[in-house]
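A short worksheet on the structure shown next.
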Amino acid sequence: DAGVIQSPRHEVTEMGQEVTLRCKPISGHDYLFWYRQTMMRGLELLIYFNNNVPIDDSGMPEDRFSAKMPNASFSTLKIQPSEPRDSAVYFCASSLGGGLQETQYFGPGTRLLVL
Amino acid sequence: GQQLNQSPQSMFIQEGEDVSMNCTSSSIFNTWLWYKQDPGEGPVLLIALYKAGELTSNGRLTAQFGITRKDSFLNISASIPSDVGIYFCAGRVGRNAGNMLTFGGGTRLMVKP
């Protein structure tokens, strides 16, 4: 399996622009997670899905952030409008099942810089 | 909310030395995980612990799930240059919380050849 795939790997945009990050989970995994990583706050869970349904979005920082999972093999995280403080590395992870022993596999991340 | 305190924040050691890092929590976790993150990549799972008191090894890595369920440590023996990276602990509470993980702040390991 190719693992979790994220695109783009790097994104540079200007403040106010819309940013869309994409994720393809590992085939067959029914949980998908979006994380944000910054030096100040470390790894933060933004939102996670189970069977394409958002389960917990309490980590989404503001209404400017939205995430969708239209099918089992694709998810997007959108920031509109983007702000410089959104600059971070955004990771997508997936896992098979929700039990205590299920491992989350991370993608390579999207490094976002908002100028 | 739950927080994981990971220490030390960074370590700079000589190749061949042993390394120890730990995580503590104010609340109980039912699963402890240790991840390593290389520069420009996502975290990769190293060791998973599922029972209090459990001691698990993966090559030169050894991790233990604390008896109180509020702590865990990771040891690396005979460090080598490729051990460089950021090590994260992560905890999971239980089924009621789904599959959510709480991450520690990371330990940045630097190894001098």
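Only the coordinates and a few stated rules stand behind these numbers; no lab work does. No experiment lies behind these values; they were computed from the predicted model shown. Because the Cβ atoms are built from the backbone with ideal geometry, glycine has one as well, and the counts that use them run over all protein chains shown.
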inquiry  = I want to verify the translational diffusion coefficient of the range B:43-82 in µm²/s; compute it with Stokes-Einstein, Rh as the Kirkwood radius over Cα pairs, at 25 °C and 0.890 mPa s.
reply    = 226 µm²/s
ask   = What is the average number of partner chain Cβ atoms found within 10 Å of a Cβ in A:43-50?
value = 3
request  = Enter the mean projected area of the convex hull around the alpha-carbon atoms of chain A, in nm², rounded to one decimal.
outcome  = 6.7 nm²
query = Can you work out D for the range A:15-69 in µm² s⁻¹ from Stokes-Einstein, where Rh is the Kirkwood radius over C-alpha pairs, the temperature is 4 °C and the viscosity is 1.567 mPa s?
reply = 104 µm²/s
Label zone at A:GLU44 (point 7 Å along Cα-to-Cβ), backbone N below 20 Å, the range A:66-92 = A:66-68, A:76-92
task = Could you tell me the number of lysine pairs in the protein assembly as shown with C-alpha atoms less than 21 Å from each other, where the two lysines are 8 or more residues apart or belong to different chains?
result = 6
Full-stretch length increase - A:ARG22, A:ARG85 - with 0.36 nm per residue and alpha-carbon distance subtracted = 20.7 nm
remark   = Ordering A:69-79, B:63-73 by per-residue average of other C-beta atoms within 10 angstrom, highest first, gives B:63-73, A:69-79
query = Based on the Cβ-Cβ distance from B:SER20 to A:ASP57, what FRET efficiency comes out when R0 is 41 Å, to the nearest 0.05?
reply = 0.65
task = Quantify how much of the Cα-Cα distance distribution of chain B extends past 25 Å, in percent.
result = 17 percent
ask   = If you take the C-alpha gyration tensor of the protein assembly as shown, multiply each eigenvalue by 5 and take the square root, what semi-axes do you get, largest first, in whole Å?
value = 29, 21, 16
key: Rg(Cα)/(2.2 N^0.38 Å) for the range A:55-99, N = residue count   = 1.32
ask   = Based on the Cβ-Cβ distance from B:ASN75 to A:ARG64, what FRET efficiency comes out when R0 is 41 Å, to the nearest 0.05?
value = 0.45
